[in-house]
Amino acid sequence: MSALAKSNRTLGLVIALGLLCVVGAATAGERFASLDNLLTVLRLASVIGVVSVGMTFVITGGGIDLSVGAIVALSSVWATTIATQSMAEDFHWIVMVGCALLVGAGCGLVNGLLVAYGKIAPFIVTLAMLAGARGLAEIIANRRTQIVRDQGFIEFFGGSVLGIPVLVLVFALVAAGGWVLLNRTTFGRRTLAIGGNPEAARLAGLKVARHTTLLYVLLGLACGIAAVMLMARTTTGTSTHGGLYELDAIAAVVIGGTLLSGGRGTVVGTVLGVLIFTTLTNVFTLNNLDTSTQAVAKGVIIVIAVLLQQRLANRAGESHAR
Amino acid sequence: MSALAKSNRTLGLVIALGLLCVVGAATAGERFASLDNLLTVLRLASVIGVVSVGMTFVITGGGIDLSVGAIVALSSVWATTIATQSMAEDFHWIVMVGCALLVGAGCGLVNGLLVAYGKIAPFIVTLAMLAGARGLAEIIANRRTQIVRDQGFIEFFGGSVLGIPVLVLVFALVAAGGWVLLNRTTFGRRTLAIGGNPEAARLAGLKVARHTTLLYVLLGLACGIAAVMLMARTTTGTSTHGGLYELDAIAAVVIGGTLLSGGRGTVVGTVLGVLIFTTLTNVFTLNNLDTSTQAVAKGVIIVIAVLLQQRLANRAGESHAR
Amino acid sequence: MTQDTAALGGELLEMRGIVKLFPGVRALDGVDLGVRPGEVHCLLGQNGAGKSTLIKVIAGAHRPDAGEIRWRGEAVALADPQAATELGVATLPQELDLVDGLSVADNIHLGHEHARFGFTRRGRTARATTELLERLGHAEISPSAEVGALSAAQRQIVSMARALSHDASLLVLDEPSAVLDQREVERLFTVIRELTAQGVAIVYISHRLEEIREIGDRVTVLKDGRTVAGGLDVESTPTPEIIRMMTGRAIEYVFPPRSNKIDDAEPMLEVRELALRGAFNGVSFDVKPGEIVGLAGLVGSGRSEIVETVYGARKATGGTVSVDGEPLRPGSVPAAVAAGIGLCPEERKSQALVLGDPVSHNITMAMLDRGGFLDFAAERAAAEELVGALDVRPSDVDREVRTLSGGNQQKVVLARWLLRECRVLLLDEPTRGVDVGARSEIYALVRDLARRGVAVVVVSSEIEEVLGLADRVLVVAEGRVLHAAPAAELTEHDVLDIVLRGIVLRGDAA
Amino acid sequence: SNTPDAPTPGAGGGNAASPNDAPGKKVTIGFSGPAADHGWLAAINSFATAEAKKHSDVTLRVAEGTNDASMQISHIETFINDKVDAIVLLPTDGAALTSVATKATQAGITVVNVDREFSSPSAARTTILGDNYGMGVSAGTYACQLVKDKKLADPVIAEIAGIDALPLTQDRSRGFADALKGCQQTVDRRVAAQFTVESGEAAAANLLQAAPKLDIVWNHDDDQGVGVKAAFDNAKRSEFSFIGGAGSANAMRWIKAGQMTATVIYPPTQAADGIRLARLLVQQKGMSDLLQVEVPRRIVLNAPVVTSSNVDKYLPLGFES
Ligand SMILES: Nc1ncnc2c1ncn2[C@@H]1O[C@H](COP(=O)(O)OP(=O)(O)OP(=O)(O)O)[C@@H](O)[C@H]1O
Ligand SMILES: Nc1ncnc2c1ncn2[C@@H]1O[C@H](COP(=O)(O)OP(=O)(O)OP(=O)(O)O)[C@@H](O)[C@H]1O
Ligand SMILES: [Mg+2]
Ligand SMILES: [Mg+2]
């Protein structure tokens, strides 16, 4: 894909998002176009957004992770157990954050080691982790919803800085960091290489296994961050958090233009993908659509959006037959 | 992979299944080893088994289908509407079967056309179909469970032939047919070639797009069959049928040894994969494990099974350094 | 660069008794090789002799099962590619290992990026890239272009630049000239001479013996995984002797005689004003049954695109293709195949083979458009017959194509269309990577097909091959057919003149 | 036996000891329910297991919770193969499990149907129903009461449903709408969540944007209610009356603290009751509180409304979710 086609692809996403906003404004007027609503959409997008940015790396590196939702659940539960919370009480709520990040990264490490050194297909490893982590979360929480008691924690993450909610800021930071990491560092270049042609990467002397492991750890960490955000947002930790995140995140990444087979990834596309999905739900709700109709509309819109976007990208790479 | 490694891989699955049976017999004795229990396991395996055999083709051909569960739901709903059922009453229950198969194949056709000619990533197409078909099923059924009234239908599919439940027979037929199709016909060989290297297949004069479309239609048909089986088993058609079948089917296919990237597929492996998962659940239930522990155990067992199986396969292809 | 060892006349790299086993094959069975600093050491051998495997051992990509490796006199274990790179070994592998999704600059510097604190220094990288590409005479390749969008030859250049980027003291080139035309090869030689002058040692593999004569200092000949002759002086060893050592027999490197009974037949393949926007325009030619038409030209001149468009793999934006008077539906490969056309594409690995499938499946692939049950016995018989006829080694048809050597893979692709019994055969670089012996066999085979009434189109970057094999030659440059003439009336020199200057010096259009 | 004022039996174990509790013949009971991915369902499970533990003569076998009817059918088949004495079944879908339940009954197993009703009455010996339609009616009636009490003119009424594809959600919504008709009101805004905290928060956040002013919100489920409440708090919106559903301990505490208006109880003790009844049935005993010597065929549990005035009475019944 030429640079032109690539930027056209992003353009396609921007146009899709723009159209969606036009529809939103036309059908829901003020209620859609208000700052409040914008912030609501962004807040909703931020949790799954963080996971999706992490997922962009794993997929670009040629992997896949079905366990993200489960990892989010386990992290949120572990960080809100009575033990953790009383430690946080004695010390500072940062303990809870640390706990969530550690658990997330730990799960990611297990995934990564099994994929990279155990040489098991990522689909299977993370499917197993999906079952395992959710089960463990249920056992730890005893299937109860654990309430976050630390008000400092809730106020910090629930608050705003200069009118921008902290959650949205976290998302923005993760996205910006992800963009730099993927596009401006050797780590990012190597991720693309390993996803695009692992054998070539190996011959170029890259430590493919170690790098792959790191990618999963990174995603696990993103899941930990998402768990913290979710804990602040819902003031709870439960084993039901992160339900179907795997599908949502992968969908956002793929719609964004990252190749599912690896070797080509875009953080900007992922962010746009997340925003499109979140805005879609928002517009639907503002218009009081029932869930079934929403589902059908969503299916149709996804297909149309991608078709449009492809036509745009193709026009750029025209003579590039096949 | 050499033929030896391949057969060793299947051997690994057989051993895993065998071990599972030993554990089952040791922990639940008679209750596990009875004919009745065997039939229970087989009956449960048969519905998801049919879908998984279809999925084997799509994955071998380099695709993926997330919409199988939704297609099963839509087919079951469409085939049990008042309109269909009264037509069936006037004529014969075969109308319901025909309706389910048609709807399934139709959804598959839409998937296939969008993937093959629309050139949209299968993940996205079938994700859209997942949303769309389930939404449509809910709309058609008005979110009610539709009851199958035709006793002839229920008796036929709920019955047995020579002591073997018809459902199990259907599964056996589909599996056998799938095996022959994949291993003994040019269609199967084309599937392997297209999954292995689509460009080479195209330049060898194969009709790649048409063939790809057919693969999805085939899977849609399998979903239609599964819907009929579910309708008979539950005597209902509802939009909640087939929940998470996509994950179960893909998991069975991949555990079975079919490459997720396409080009290598095994129907025998898929059938073994389905049986392993189903037997696992059965053994768990017989041993009265609680659900969360089951989930964790399942995760651990999947990983161990695949690791073992790989060691076996590797021993065959030992010095096969990469 | 330290030249102590060179001054002592010692060997830079010394390999002794290298053994490498693959399941069922002893790819290397006791190979000895000694490379001195500043020399061009040529490695020769038939397809499957073990050259690439040996190279991979040097590059640290394969670990040998036995044998000793010494570097500047010290025993070393080349455990992984990194170890080899650190010693100062750079490799240009036979199967280009580039990452399609990365830019030219990123590909060249993959693994040894210009970076500070992990951040890539893009300006520096781009400058270094431009420098390398200029040195290879290809300043037109943009450092920021995605490698996936480059032509085969350009990719070869990038791969070459990648090897050069390492500042290595040993540079290993595995068939670097296979996709290059004469002009490019000359440029490559200039670079090689520069390097050897600086004391860099080169291991050079090629099946084009005249290249060995021109650039090589010493040769080592491999046969069936063993060194049959080590470190012979090129000057003093006559070519037939080398061929005899490689093949165990004396082969005349000759083209089969042309037949002359074709002029009165109706054309089998008619191409009229064929055009593909952005690639070529107004291409017209006929091929009669029994005739071989060659397309000569420089790399990137559009020859591959012409044959791919004739074949329907690319959709023509104008013009027609007819077989036996029947016009073909444009842009449809199945239609072309049904009409009796076959294509051996340029890049066998990505365009022709299913690497993980057995040889037999790959051979019968073009027959699969017919429905029905497979006949395993017939498939195996057909595959075995063709493997025998083309002398594919090893002759086991159940072996995965991936494990065959490059040249043998090429034969498998040819076998596919032989089985299909085409009326029109389009061959794009049919002898790329094929050894001397097999080359003669392929030439004979193609001629034999023509004699049986097949219309053949051959594209090759080796002008000598086009002139020797074809009855009639079309000279292509920048997407236009500049000249068409009977092969017998052209010389290599004429063709080069036409493509380089764009003018016809003598002769008239056919 | 259930008046709006009397807690359901079994849960707190507050019943007077009756001769029925004396150990009798050994009873093996199989229990199968939907995936316990949700606080209320988890409570169903834990009440059931706790109830079984109370009886030394009961052996409980719990099948993996599942939302797949086909899988649940195979669990029941396993129980039949196992020749358990009784099966307590909370079906993922009543109609879908009817045929296998009939098979179990025909095999001589006492089947107790819980919560989601079979499509054939002969499939189970007795049925204990939490009344989903009635729950909606209770919520709607209470909403009407609020409209009247607060003299709301043209009130904006919103509904946050659970998983929309489930028939029980439809029943609840139908009951709510029907009751609202009684005071000429309709549901102005309706969103659906997934019975989880997170989805509740997301749905509520969007709902608050869609409706700048709300008067009454009925949330089907207190489990997702934790998220719904978090969304209200995040947006600092509290101009409306907030009615819940199910009756979790959290909800009751909020009611006590004045952060929630009311909740409609949907007893999580149904399966525990089912186990109690199954034991009695197998041991051929009757219900001691009834004059009737046999266990009734059908028990419909009440859906009482908990408000600040009666919350203390219900608090012990609230399940931790
Ligand atoms: N990965 C592998 N697995 C099994 N056999 C292999 C593998 N790689 C190479 N071989 C075998 O090793 C032998 C040597 O192959 P190699 O590629 O070194 O030949 P080569 O001399 O480079 O030939 P060519 O001139 O055709 O490139 C061949 O018989 C080949 O089939
Ligand atoms: N996939 C592609 N994307 C962009 N440009 C291409 C692509 N394939 C070919 N080209 C360009 O089209 C022109 C013609 O290429 P073509 O491969 O037909 O030349 P050729 O004469 O066959 O040379 P070669 O020896 O490299 O095959 C070249 O300039 C090449 O760079
Ligand atoms: Mg080679
Ligand atoms: Mg070419």
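The values are calculated or read from the model by the stated rules, or taken from the named source; none is laboratory data. Just so you know, these numbers come straight off a predicted model, no measurement behind them. Quick reminder, even Gly has a Cβ in these numbers, built from the backbone with ideal geometry, and neighbours come from all protein chains shown.
Every condition in (1) touching a Ser or Thr at 6+ places or on another chain (Cβ under 9 Å); (2) facing chain A (nearest Cβ under 10 Å) is met by D:Ile216 except one, and the failing one is (2). Every test in (1) within 16 Å of ligand 2 (Cβ to nearest atom); (2) in the same structural domain as C:Leu269 (by TED's automatic domain parsing) is passed by C:Glu346 save one, and that test is (2). Beta carbons closer than 9 Å, at least 6 apart along the sequence or on distinct chains, never pair a first residue in region A:23-37 that is more than 11 Å from chain D (Cβ to nearest Cβ) with a second that is among the aromatic types (Phe, Trp, Tyr) and surrounded by fewer than 16 Cβ atoms within 10 Å (Cβ to Cβ). Taking region C:407-434 as the search range and keeping residues that are in contact with a Ser or Thr (Cβ under 8 Å, 6 or more places away or on another chain) and either within 16 Å of ligand 1 (Cβ to nearest atom) or β-branched (Val, Ile, Thr) (or both), which one is farthest from the other protein chains (Cβ to nearest Cβ)? This residue is C:Thr431. No other residue among A:Val103, A:Val110, A:Val125 is modelled with pLDDT of 95 or more, of a type in the set (Val, Ile, Thr) and touching a Gly at 6+ places or on another chain (Cβ under 8 Å) apart from A:Val103.
Sort through B:Ala83, B:Ala105 and tell me the only one that's touching a residue at least 24 places away in the same chain (Cβ under 8 Å) and either part of a helix (DSSP H, G or I) or within 18 Å of the chain's Cα centre (by Cα) (or both).
Numbers: B:Ala83 fails: touching a residue at least 24 places away in the same chain (Cβ under 8 Å).
Just one listed residue meets the conditions, B:Ala105.
Note on region C:421-510: enclosed strands (runs of 3 or more DSSP E) holding 1 or more residues that are closer than 21 Å to C:Val387 by Cα and more than 16 Å from ligand 3 (Cβ to nearest atom) are C:424-428. Selection of region B:284-304 for residues being part of a helix (DSSP H, G or I), in contact (Cβ under 8 Å) with a residue 40 or more places away in the chain and surrounded by fewer than 23 Cβ atoms within 10 Å (Cβ to Cβ) yields only B:Leu286. For region C:146-172, the set of residues classified as more than 16 Å from ligand 4 (Cβ to nearest atom) and more than 15 Å from C:Leu110 (Cα to Cα) consists of C:Gly148, C:Ala168, C:Ser169, C:Leu170, C:Leu171, C:Val172, listed by residue number. The number of residues in region A:219-232 being within 16 Å of the chain's Cα centre (by Cα) and either outside any helix (DSSP H, G or I) or over 12 Å from A:Ala73 (Cβ atoms) (or both) comes to 7.
For A:Leu247, are the conditions met, namely being facing another protein chain (nearest Cβ under 9 Å), assigned to a helix (DSSP H, G or I) and surrounded by 24 or more Cβ atoms within 10 Å (Cβ to Cβ)?
Numbers: facing another protein chain (nearest Cβ under 9 Å): yes; assigned to a helix (DSSP H, G or I): yes; surrounded by 24 or more Cβ atoms within 10 Å (Cβ to Cβ): no.
So A:Leu247 does not fit the description; no.
Of all helices (runs of 4 or more DSSP H) completely enclosed by region C:80-167, which ones contain at least 2 residues that are farther than 26 Å from C:Val185 by Cβ and within 8 Å of chain A (Cβ to nearest Cβ)? Where helices (runs of 4 or more DSSP H) fall fully within region C:80-167 and carry at least 2 residues being farther than 26 Å from C:Val185 by Cβ and within 8 Å of chain A (Cβ to nearest Cβ), they are C:81-87.
Taking residues in region C:156-184 that are free of Cβ contacts under 8 Å to residues at least 40 places away in the same chain and closer than 27 Å to C:Val495 by Cα, and partners anywhere that are of a type in the set (Gly, Ala, Ser) and away from ligand 2 (no atom under 12 Å from the Cβ), the pairs with Cβ atoms closer than 6 Å and at least 6 places apart or on different chains are C:Ser177/C:Ser206.
Output yes when any residue across region C:166-175 is buried (at least 17 other Cβ atoms within 10 Å of the Cβ), β-branched (Val, Ile, Thr) and within 16 Å of ligand 1 (Cβ to nearest atom), and no when none is. Yes: one or more hits. The criterion of being on the phi > 0 side of the Ramachandran plot and within 16 Å of ligand 1 (Cβ to nearest atom) does not hold for C:Gly199.
When region C:292-310 is limited to residues that are near ligand 2 (Cβ under 8 Å from one of its atoms) and small (Gly, Ala, Ser), the one that is surrounded by the most Cβ atoms within 10 Å (Cβ to Cβ) turns out to be C:Gly297.
Kindly check whether there is at least one residue in region B:56-64 that is within 14 Å of chain D (Cβ to nearest Cβ) and either in contact with a Ser or Thr (Cβ under 9 Å, 6 or more places away or on another chain) or surrounded by fewer than 22 Cβ atoms within 10 Å (Cβ to Cβ) (or both). Outline the logic, then answer.
Applying the first criterion (within 14 Å of chain D (Cβ to nearest Cβ)) to region B:56-64 yields none.
Among the residues of region B:56-64, not one is within 14 Å of chain D (Cβ to nearest Cβ) and either in contact with a Ser or Thr (Cβ under 9 Å, 6 or more places away or on another chain) or surrounded by fewer than 22 Cβ atoms within 10 Å (Cβ to Cβ) (or both), which makes the answer no.
Just one residue in the set C:Ala382, C:Ala352 is touching a residue at least 12 places away in the same chain (Cβ under 8 Å) and within 16 Å of ligand 4 (Cβ to nearest atom); that residue is C:Ala352.
When you look at A:Ala321, is it modelled with pLDDT under 90, surrounded by 24 or more Cβ atoms within 10 Å (Cβ to Cβ) and within 7 Å of another protein chain (Cβ to nearest Cβ), yes or no? No: the conditions fail for A:Ala321. What are the residue pairs meeting all of these: first residue in region C:423-452, first residue in contact (Cβ under 8 Å) with a residue 24 or more places away in the chain, second residue in a helix (DSSP H, G or I) and within 16 Å of ligand 2 (Cβ to nearest atom), Cβ atoms under 7 Å, and 6 or more apart or on different chains? Qualifying pairs under 7 Å: C:Leu426/C:Val307; C:Leu426/C:Val310; C:Asp428/C:Ser304; C:Asp428/C:Val307; C:Thr431/C:Glu465; C:Arg432/C:Gln410; C:Gly433/C:Gln410; C:Val434/C:Gln410.
Of the residues making up region D:243-269, those that are surrounded by fewer than 24 Cβ atoms within 10 Å (Cβ to Cβ) and of a type outside the set (A, V, I, L, M) are D:Arg253, D:Trp254, D:Lys256, D:Gly258, D:Gln259, D:Thr261.
On the basis of being within 11 Å of C:Leu269 (Cβ to Cβ) and either at pLDDT 90 or above or crowded, with 22+ Cβ neighbours inside 10 Å (or both), does C:Val283 make the cut? Answer is no for this residue.
Out of curiosity, is D:Asp312 assigned to a helix (DSSP H, G or I), out of contact with any Leu (no Cβ under 7 Å at 6 or more places or on another chain) and crowded, with 19+ Cβ neighbours inside 10 Å?
Values: assigned to a helix (DSSP H, G or I): yes; out of contact with any Leu (no Cβ under 7 Å at 6 or more places or on another chain): yes; crowded, with 19+ Cβ neighbours inside 10 Å: no.
Against the criterion (assigned to a helix (DSSP H, G or I), out of contact with any Leu (no Cβ under 7 Å at 6 or more places or on another chain) and crowded, with 19+ Cβ neighbours inside 10 Å), D:Asp312 does not qualify.
Screening A:Gly158 on (1) modelled with pLDDT of 90 or more; (2) more than 14 Å from chain B (Cβ to nearest Cβ) shows it passes everything except condition (1). For region B:140-155, the set of residues classified as part of a loop (DSSP other than H, G, I, E, B) and more than 10 Å from chain D (Cβ to nearest Cβ) consists of B:Arg149, B:Asp150, listed by residue number.
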